[in-house]
Amino acid sequence: MVKERTLDREVSLIDLFLEEQTLTAVEKFSHLHDTDRLARHKTVYQDLIPLNQPLPGQQYAFEVDLDKCTGCKACVTACHNMNGLNSGETWRAVGLVHDKNTLNTNLIYPQFDLDRAPQPYAPPADRFSLDIVAFQQNVTTACHHCVEPGCLLGCPVQAYDKDPLTGIVKHLDDQCIGCKYCTLMCPYDVPQYNKQLGIVRKCDMCSGRLAAGEPPACVQSCPNGAIRITVVDTVQVKQNAAAYVAMPGVADSHYTYPTTTFKTKRDLAETMQPADHDFIEPADPEYPLLFMLILTQLSAGAFLLETILHGLGIEALSPLLTLAALLSGLIGLGVVQLHLGRPLFAFRSFLGLRTSWLSREVIVAGLFMGLAALYTGLVWLPTIPFLSPFIPPVGLAPWLRSLVGPVVVVAGFLTVSCSAMVYQATPRPFWRQGRPFVKFFTTAFILGSATALVIAGWVSSPLADTRLLSDMIRLVSGLLIIVTVAKLGYEASFFTHLNDETLTSLKKSALLMQRTPATPARLISTIVGGILLPLALWINLSAAGLLAVTGFIFLLTLAGELLERYLFFSCAVAPRMPGNPIRRKL
Amino acid sequence: MIHKYVPASLVGKVGSIFRQWDGALTRDTVLESSTLGLGKLPERLLPDETTTMTCGYCATGCGLEIHLKESKAINLTATADYPVNIGQACPKGWEALTPLAAPDRATTPYLRDDSGTLQPVTWAKALETFVDRFKQIQDKYGRESVAFLSTGQIPMEEMALLGAVAKFGMGMVHGDGNTRQCMATAVVAYKQSFGFDAPPYTYRDFEESDVIVFVGANPCVAHPIMWGRVCLNQNKPEIIVVDPRRTETAVAATQHYALAPKSDLALFYGLAHILIANGWIDRPFIDRYTTGFDDFAAHVEAFTPELVSERSGLSVEQLYEFAETIHKGQKVSFWWTMGVNQSYEGVRTAQALINLALMTGNIGRPGTGANSITGQCNAMGSRLFSNTTNLLGGHDFLKAADREKVANVLGIDPAVIPDQNSWPYPKIIEGVKNGQIKGLWIIATNPAHSWINQGELHELLDQLEFLVVQDMYHTTETAQVADLVLPAAAWGEKEGTFINSERRIGLIKRVAQAPGVALADFYIFKLLAEAWGCGDLFKAWSSPEATFQILKRCSAGMPCDITGIDDYVMLDRHGGIQWPFPTGSTLDSNERRLFEDGRFYTADEKAKFLFEAPRPLPEPISEDYPFVLLTGRSTSAQWHTQTRTQKSAVLRKLHPAEVYVEINPQDAQRLQIGPNEWVCVASRRGKIKARAVLIPTVQVGHVFMPMHYSETNKLTYPAFDPYSSQPSYKHCAVTLSRGE
């Protein structure tokens, strides 16, 4: 009885307490604070923002006093909160550089000989010397608001604006289509793709706050006052580029002319390395881009082969070959929509034509597909009997076809060239020195040939001029073997970077290629599909055998090129600001 | 041209289809002016009002400005006019609201069913089970067989109610806090040397010193806002760091002494030796305000520079440079944290620092002091009001007069107050081991992660007959092995006060609602008292603020007297108030330090020189275990066992996800360990795998592992300071090998 009564009392207490908790305590503390609190805070940061706006030829820039940056990372979280970023989204980062891992040479390894080792452990007095105890330096970094911003120049839709007055590189969020090309173009890993919104966002130096005479979030929140805003002369930035973002392991400043200065009394570049220097991690394989490239290149190659065969008088393959080429190209362009965060606005992609290779790629590829459709139509029209009466002057079609054919091929290879430039233009060393050109053109030829072969295999038996066809098969397979051998040789030569004395970006790419099973898979499928099976085409095969061999040639070379492109994306090492010893995968 | 024929607005509209400068996405981050003096913020985050409260992570005790919209917390900034942090906060503070919304909050009580899984139950069932099981255990094994482990993370009103309910109501004798792991050493050192647990400083001292000595402390990472105060120092101070690692603070300092681990006691005796030998001491101060100096001088006679150099690995010249810097300083302050406290001889090491301050007269003046920086947000509150080591208000369980006084304030029978001291944390754990403790109640701490030599603790928790864990998450390592989980409201969902490292009492407020039926710890203790049948004893403890008034009265006449603080509103208005603040005090300055009159809290009002010969390392390196394992904090974005900080996606980005071990590149080369490779780290107690970070900031022969990953304490060696019982986390012998 007593127990029950207590229980009742408890239960009502539970409700009472839960009820009490629904009231916030704020009513109780009437607003005691005056509203001009920032004024008091201003004494802390007033020296950290410039008094005057930039004059013509000048712009705002970050200046970091590294001697004051001690790695607390308050700036990262304050920027996140005061800009209302999404969960986990950050516009500022703090990395670490430290002495190269070769120091402390005169430290003696502890003596493990128990007889000699004093107890308690006391190392010899000369073991330590403060001069040589290693140095570490935290580095806070955000957008460098470059004079020639890679993001802006690469953007296909003009979603970046460099403010003419302040020089702040601003991202226009509603303009962005989420193609992420800016994230490849920036040498500092600044623009961040926001999956939730389907767009990229980045630091705008809190331009709204600056305009109102308030400090950016990071400037205001650094407990040590390490970050400030200065006014720099853009001519000076270009003339003296190496002085800006002077940091070990960071991309050459001549690429975009960043404006941030990192002040320190120490010479960082000479003796130090980024803490993530040794960290090697595969990049995103970018599957939609990967398939788009392979399929459009197949298309370009197939149209090339068709035009050559047409010139040689082989017509049997043309309808299927053009159709396959057209479909491949269209699917390629369709697939790439999966890559976009906001595909609805993809129509804006022409806007960047003046500076963006991506814009050019989109326009040229569109043109290519338009011409390809016209050409395919011209090839197919005569084969559809009931349409023949409608073809106006008889004989115009073949004439038109001979005219359009080479134009399609040129458009196709312009597309391949623009694609190559899209990557060649980025600061990733693995994508420079013409590598995209060699890879993309050979892919076009290999897959174009393989497509022609499999179609030849398909159509050969019921057709009459098998003689001509088999000559053609030998010719194409021969060329395929030559190009494949050359390409594999070219790719193999890249592994010489494994012998680079320092861990260069290219050595990292080579190491990544060495480590992934995609490399042997690529090698085997391509040797079999691009060399061994084409050799088999030089012996006499039954119709079924021919179809089987060409079919495997197509599948294996396609697999091989897809793997080649997988390696192209996943083994590219992006330049970036110094990171942390163990990078976090998100 | 086109404008002639079509309206401009249409041109604009069509134009914006192609180039869109504005829209929903843009406005998501466009900054608008707030009228509350906060500067510009995104429109959707503009608050209706703000309120200041103390941060719930570390003992710095920053003021956070909580932004409220429709009375709910939506964001925060660092309070611009709070005397502690002056508009600054560390990443944890900036992200303080995020962990409240974590999906694994305990929203209901959980009880382990017969199949061994935790099942949701009602509060009524939870309360009944708590009482039945603990009473059964007490009936069978005696009252002392049920103990509690509390925390430095809850407000002092809650920890006081817990201590009172458990000891006065439920008859428990043993209860301690996780504060044993962080500042017990400083407590004992101060009590013995000064007569009361009294860190003497105010943060202003960071700005006023001309020599600042940090020992076993890395404020750049562990207390970044305090380091921010150092950066405001206009005296171009000499900053000395004593640490075996080249930490962030060591890099930022002007002098770094990378001593051999745990040679600190010998080092400070050696410095005292040099100071005395050169006459670099303040004889008038020593004579007037201290006792025991001559014995101390005789003791340090043996610590010649040569001997100390041998022990510490520092050169004789370095020792002289260090001593001379102290001598030349006009305002020298000594600061220490866990490098000193978490040691098997920590009390004497802390006192060696106190001795250096005393003998050079560096105490009681601006910019001076022997100053222990505390860890948790309310560790200082627990030191005075948790009713564990001390009776409420810094009183002594062993003294009848103290029991009488407190009983009077509380209006209870003095007989219900235990006349014996509680066992310290390690003794309670030992009690579990040898069967004296059968029931354990753990509040807001995570020993299954944090306790030294964790492997053994896991076995011991299994041996308990009943384990209750009260926490805001049901997923902590400890909650996972509990029999009963009680869901607690978090910081931000309840009221109370914290005491920060400089003795400042700061307020926390309810700005968010606890999820489900989670209740403030305060209310949970009230409910348990009712269910136990002792609720009547705590009638006067009707609310946190009523409890604050009780605690004020308990403090009357003590060094920590706070009877002059009217109420919560007064605390709120002034940005917190430091103890002491007895009735009649005026708040001329809100940044006050102790001992300005040279009177200490000992019977003779003199500070004592206390010292002892250094003892051998509990576990020296050997041929089988040739590396010294150092542990500590690794980033400002991680807090203790990460139960809260792990819930913030931004904070998670700021530190490695997996446990890692820092190794000097030379050692790595010797062992053929490559960067980022998995390595096996083994001690005599356990073996774990960790990622290798090759970095020359750790010395050859040392490795460093952060305490935030649960693996680390599988390795640590359970040695304890004999006076403070604080675990010696910072040094044990391990071996390294390549591979998993």
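If you go through segment B:424-472 and keep only what is surrounded by fewer than 22 Cβ atoms within 10 Å (Cβ to Cβ) and part of a strand (DSSP E or B), you end up with just B:Phe466. Across segment B:651-669, the number of residues qualifying as at the interface with chain A (Cβ under 7 Å from one of its Cβ atoms) and over 30 Å from A:Ala78 (Cβ atoms) comes to 3.
Only residues that are more than 30 Å from B:Leu507 (Cα to Cα) and within 14 Å of chain A (Cβ to nearest Cβ): list them for segment B:115-170, please.
Filtering segment B:115-170 down to residues more than 30 Å from B:Leu507 (Cα to Cα) leaves B:115-122, B:124-126, B:128-146.
Answer for segment B:115-170, where residues must be more than 30 Å from B:Leu507 (Cα to Cα) and within 14 Å of chain A (Cβ to nearest Cβ): B:Val121, B:Thr122, B:Ala124, B:Lys125, B:Ala126, B:Glu128, B:Thr129, B:Phe130, B:Val131, B:Asp132, B:Lys135.
The set of residues from segment B:672-692 being under 29 Å from the mean Cα position of the chain (by Cα) and either more than 10 Å from every other protein chain (Cβ to nearest Cβ) or surrounded by 23 or more Cβ atoms within 10 Å (Cβ to Cβ) (or both) comprises B:Val681, B:Ala682, B:Ser683, B:Arg684, B:Arg685, B:Gly686, B:Lys687, B:Ile688, B:Lys689, B:Ala690, B:Ala692.
Only one of the listed residues (A:Ala492, A:Ala518, A:Ala486) is modelled with pLDDT of 95 or more and surrounded by 19 or more Cβ atoms within 10 Å (Cβ to Cβ). That residue is A:Ala518. Filtered by the rule that a residue be touching a residue at least 24 places away in the same chain (Cβ under 8 Å) and in a loop (DSSP other than H, G, I, E, B), segment B:87-121 gives B:Gln88, B:Ala89, B:Cys90, B:Glu95, B:Ala96, B:Leu97, B:Ala102, B:Asp104, B:Ala106, B:Thr107, B:Thr108, B:Pro109. Here is the figure for segment A:173-204: residues that are assigned to a loop (DSSP other than H, G, I, E, B) and out of contact with any strand residue (DSSP E or B) (no Cβ under 6 Å at 6 or more places or on another chain) total 14. Among the residues of segment B:73-87, the ones that are closer than 18 Å to B:Thr35 by Cα and not acidic (Asp, Glu) come to 9 in all. For segment B:651-668, the condition of being among the acidic types (Asp, Glu), in contact with a Lys or Arg (Cβ under 8 Å, 6 or more places away or on another chain), under 30 Å from A:Asn86 (Cα atoms) and modelled with pLDDT under 95 holds for at least one residue.
In segment B:484-593, which helices (runs of 4 or more DSSP H) lie fully inside it and hold 2 or more residues that are in contact (Cβ under 8 Å) with a residue 60 or more places away in the chain, more than 26 Å from B:Gly169 (Cα to Cα) and not β-branched (Val, Ile, Thr)? Fully inside segment B:484-593 and qualifying: B:568-574. When segment B:365-399 is filtered for residues that are within 25 Å of B:Glu612 (Cα to Cα) and either in contact with a Gly (Cβ under 7 Å, 6 or more places away or on another chain) or aliphatic (A, V, I, L, M) (or both), the ones remaining, listed by number, are B:Ala370, B:Ile373.
One line per residue, one yes/no per condition, for (1) more than 32 Å from the chain's Cα centre (by Cα); (2) exposed (fewer than 15 other Cβ atoms within 10 Å of the Cβ); (3) farther than 16 Å from B:Leu271 by Cβ:
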residue: B:Arg283; (1), (2), (3): yes, yes, yes
residue: B:Asp295; (1), (2), (3): yes, yes, yes
residue: B:Glu310; (1), (2), (3): yes, no, no
residue: B:Ser315; (1), (2), (3): yes, no, no
residue: B:Thr325; (1), (2), (3): no, no, no
residue: B:Ser333; (1), (2), (3): no, no, no
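Could you check, for segment B:218-234, whether at least one of its residues is away from chain A (no Cβ under 11 Å) and touching a residue at least 60 places away in the same chain (Cβ under 8 Å)? No, the conditions are met nowhere in segment B:218-234. Test B:Ile74 against the criterion of being within 24 Å of B:Asn218 (Cα to Cα), surrounded by fewer than 24 Cβ atoms within 10 Å (Cβ to Cβ) and not acidic (Asp, Glu), and give yes or no. Judged against the criteria, B:Ile74 is not a match. Restricted to segment B:54-84, and to residues there that are over 25 Å from A:Leu210 (Cβ atoms) and within 9 Å of chain A (Cβ to nearest Cβ), the residue that is farthest from the chain's Cα centre (by Cα) is B:Ser71. Quick one: is A:Gln192 under 20 Å from A:Arg428 (Cα atoms), among the polar types (S, T, N, Q) and within 12 Å of chain B (Cβ to nearest Cβ)? Spelling it out, A:Gln192 is indeed under 20 Å from A:Arg428 (Cα atoms), among the polar types (S, T, N, Q) and within 12 Å of chain B (Cβ to nearest Cβ).
State all residues of segment B:249-303 that are part of a helix (DSSP H, G or I) and within 14 Å of another protein chain (Cβ to nearest Cβ); if no residue qualifies, say none. Result: B:Thr249, B:Ala250, B:Val251, B:Ala252, B:Asp264, B:Leu265, B:Ala266, B:Leu267, B:Gly270.
Only a single item in (1) within 15 Å of A:Ile582 (Cα to Cα); (2) outside any loop (DSSP other than H, G, I, E, B); (3) in contact (Cβ under 8 Å) with a residue 40 or more places away in the chain is not met by B:Val693, and it is number (3). Flag: B:Cys90 matches the condition of being within 10 Å of chain A (Cβ to nearest Cβ) and under 21 Å from the mean Cα position of the chain (by Cα). Scanning segment A:269-289 for residues that are hydrophobic (A, V, I, L, M, F, W, C) and surrounded by fewer than 22 Cβ atoms within 10 Å (Cβ to Cβ) turns up A:Ala269, A:Phe279, A:Ile280, A:Ala283.
Residue-by-condition table, conditions (1) surrounded by fewer than 20 Cβ atoms within 10 Å (Cβ to Cβ); (2) out of contact with any strand residue (DSSP E or B) (no Cβ under 8 Å at 6 or more places or on another chain):
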{"residue": "B:Gly632", "(1), (2)": "no, no"}
{"residue": "B:Glu662", "(1), (2)": "no, no"}
{"residue": "B:Gln699", "(1), (2)": "no, yes"}
{"residue": "B:Thr716", "(1), (2)": "no, no"}
{"residue": "B:Ser737", "(1), (2)": "yes, no"}
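The values are calculated or read from the model by the stated rules, or taken from the named source; none is laboratory data. Computed from a prediction, not measured in an experiment: that's the story for all the values here. Cβ sites come from the backbone with ideal geometry, for glycine too, and all protein chains shown count toward neighbours.
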